[in-house]
Amino acid sequence: MRLPIAFVSSTLVLLSALRVSAHIGPGFAMPESRDVVHHHLRSRGTNGRLMLRAAPSSESQESSEQDPSQECKPYGLKSSSALGKVYPKAGQIADIVSGDDTGATLFKEILDSGIIPGNVQVKKGTQGNMGIDQGQSDSYDDSDPDCWWTATGCTSPKHKQLSHDLDSCPEPNTWGLSFDDGPNCSHNAFYDFLQKEKLRATLFYIGTNVIDWPLQAQRGLTDGHDICVHTWSHHYTTTLSTSQVFSELYYTMRIIKDVIGVTPRCWRPPYGDVDDRVRAIATALGLRTIVWDHDTDDWNIVPGGKQSTAKIESNYQKIIDAGKNGSTADKGIMVLTHELTNQTMDMFMNEYSKVKAAYKNLVPISACMNASSPYVEDQPTYSNFADFTSGKVDAQGLPQPDAIKINVNSKLNITSEKDQKSAGGFSSASAKKSKTQGDSSSSSPDSQASAAPNSNKSSDKEDGNSASFTPIHVLSISMTAALVSFASWAL
């Protein structure tokens, strides 16, 4: 099977050039502004380094800052040094940290359980696992034995014990609202907007960003959004070893627990890159795989990306038109949007009035799926679809903004996704039960499962219809923050 992947060689320049580029997919370039650097690189020191500004005294103090240049000045908390010692290096592919006996034991238990299929091979990556090797895609079996989303859009696993991926909202005329790649250091104006409009979203947080911007991460929860995993370092997961996939998920779960206080039951693979081996590891960690069926391609917006603002607006418009022309009359959609840069956040705010006019409901994925208990912990709980759309948008049992205490090495209580039975979770078994707890008219979250893989394929065109399936993205990371990180270490 041949995928339309254009590879551009990555060039590592000396710090005077301040740039590393890695291109995969249809030849796009990721933004290079300071807004996206934290996406992979720690822009402040931990491990006892002198920070560039005094730490805010609380999450509420940090959330009140409206100057992005101040929001994104690195800060350190008392716990920063301790956190830095027990986690993988930020921005680098995670593996089991030396001395982490708990993680090593859990990994061995997963290996011994037999849930990971032995016939799914690690895919060959390029550009430091930021892309898929062309030869790998050429030789991949047309029957799609691995249910490899990047190649075929497959969302219904071929191996046993694995739930199908969530990729659309079962509720008609509904836009499933989610934002990837947070927490963004400069997101206060954006989060303020969501609060003002009474919007709640599912936020897919990167572990590196949580450890870098802990107070910004805490705000995601205290504002009433639900938090999911987006891996530690945002690489193509099918190209990673089994221990690396485990670590990318496990340490992100742990840092979310340590910093925010909850244990997620959901994750989204970067670039949507997932197969049955990766799904099995996520399942063993209690995580349901969530992808999407409509893509704004907002991550590629100028000035750092290659698509004009008008092009991204056009992508939005195609999805908006789907809400107007009856395409979502039977089933809603999940839309890929990003907290990645100021431009991606501004784009959603600018497009919101049109989205609101086209779709009857804008709800987080937890509400789409009636996942009223999206965490292992009993609290907080979230509204099911019927309650949310009736105006009860506030989660119950949320901590007060300044009440969350960072707890290094919190204990994770993990129940395999396939074994989660209590009502209201993201798993197949638990989510089905939630229907009886809410409005009986609400669709079961698994009632829309498809027996066949997604029929959409990656487009050969660089400027294709972004509102459809776009499985392989591109990532180019500016190294501008390398000096910021270096300076924060050296000062």
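Being in contact (Cβ under 8 Å) with a residue 12 or more places away in the chain and within 19 Å of Q420 (Cβ to Cβ), is that true of even one residue in the stretch 291-310?
Our first condition is that a residue be in contact (Cβ under 8 Å) with a residue 12 or more places away in the chain; within the stretch 291-310, this holds for 291-307, 309.
Add one more test, that the residue is within 19 Å of Q420 (Cβ to Cβ), and what stays is none.
No.
Out of L194, L215, report the one residue that is farther than 24 Å from V335 by Cβ and either among the aromatic types (F, W, Y) or out of contact with any strand residue (DSSP E or B) (no Cβ under 7 Å at 6 or more places or on another chain) (or both).
Only one candidate qualifies: L215.
Number of residues in the stretch 386-411 that are free of Cβ contacts under 8 Å to residues at least 40 places away in the same chain and hydrophobic (A, V, I, L, M, F, W, C) equals 1. If you go through the stretch 292-314, how many residues are in a loop (DSSP other than H, G, I, E, B), among the β-branched types (V, I, T) and surrounded by 23 or more Cβ atoms within 10 Å (Cβ to Cβ)? Qualifying residue count, the stretch 292-314: 1. Among the residues here, T289 qualifies as on the phi < 0 side of the Ramachandran plot, assigned to a strand (DSSP E or B) and surrounded by 24 or more Cβ atoms within 10 Å (Cβ to Cβ).
Does the stretch 71-95 hold any residues that are assigned to a loop (DSSP other than H, G, I, E, B) and either among the acidic types (D, E) or surrounded by 20 or more Cβ atoms within 10 Å (Cβ to Cβ) (or both), and which are they? Correct list: C72, P74, G76, Y87, P88, A90, G91, I93, A94, D95. If you go through the stretch 281-296 and pick out every residue that is out of contact with any Asp or Glu (no Cβ under 6 Å at 6 or more places or on another chain) and among the small types (G, A, S), you end up with 2. Name the residue that is nearest to K311 (Cα to Cα), counting only residues in the stretch 351-372 that are out of contact with any helix residue (DSSP H, G or I) (no Cβ under 8 Å at 6 or more places or on another chain) and among the polar types (S, T, N, Q). Step by step, filter the stretch 351-372, then rank; the result is S353.
Scanning the stretch 256-271 for residues that are of a type in the set (A, V, I, L, M, F, W, C) and outside any loop (DSSP other than H, G, I, E, B) turns up I256, V259, I260, C266, W267. Against the numbered list (1) within 25 Å of K418 (Cβ to Cβ); (2) surrounded by fewer than 24 Cβ atoms within 10 Å (Cβ to Cβ); (3) at pLDDT 95 or above; (4) not small (G, A, S), Y205 comes up short only at (2). Contact annotation: residue pairs with Cβ atoms under 6 Å, 6 or more positions apart or on different chains, pairing a residue in the stretch 264-283 that is on the phi < 0 side of the Ramachandran plot with a partner that is acidic (D, E) and surrounded by 24 or more Cβ atoms within 10 Å (Cβ to Cβ), are D275/D146; D276/D146; T283/E417.
Inside the stretch 207-245, residues that are of a type in the set (A, V, I, L, M) and touching an Asp or Glu at 6+ places or on another chain (Cβ under 6 Å) make up a count of 1. Restricting attention to the stretch 110-157, the residues that are among the charged types (D, E, K, R) and surrounded by 19 or more Cβ atoms within 10 Å (Cβ to Cβ) total 2. D165 passes every criterion in (1) at pLDDT below 95; (2) under 20 Å from the mean Cα position of the chain (by Cα); (3) among the charged types (D, E, K, R) apart from (1). Would you confirm, using the coordinates I've provided, whether M334 is assigned to a strand (DSSP E or B) and under 22 Å from the mean Cα position of the chain (by Cα)? Considered against the rule, which asks whether it is assigned to a strand (DSSP E or B) and under 22 Å from the mean Cα position of the chain (by Cα), M334 comes out as yes. Would you confirm, using the coordinates I've provided, whether S383 is without any contact (Cβ under 8 Å) to a residue 12 or more places away in the chain, of a type outside the set (K, R) and more than 30 Å from S69 (Cα to Cα)? Judged against the criteria, S383 is not a match.
Kindly evaluate I256 against the criterion of being farther than 30 Å from V86 by Cβ, of a type in the set (A, V, I, L, M), within 20 Å of the chain's Cα centre (by Cα) and at pLDDT 95 or above. It is false that I256 is farther than 30 Å from V86 by Cβ, of a type in the set (A, V, I, L, M), within 20 Å of the chain's Cα centre (by Cα) and at pLDDT 95 or above.
Residues that are farther than 21 Å from I290 by Cβ, hydroxyl-bearing (S, T, Y), in contact with a helix residue (DSSP H, G or I) (Cβ under 9 Å, 6 or more places away or on another chain) and surrounded by fewer than 24 Cβ atoms within 10 Å (Cβ to Cβ) do not occur anywhere in the stretch 329-341. Quick check on the stretch 151-161. Is at least one of its residues under 17 Å from V278 (Cα atoms), touching a strand residue (DSSP E or B) at 6+ places or on another chain (Cβ under 9 Å) and small (G, A, S)? Yes, the stretch 151-161 has at least one match.
The values are calculated or read from the model by the stated rules, or taken from the named source; none is laboratory data. Computed from a predicted model, the values in this text were never measured in an experiment. Positions of Cβ are generated from backbone atoms using ideal geometry, with glycine treated the same way; all protein chains shown enter the neighbour counts.
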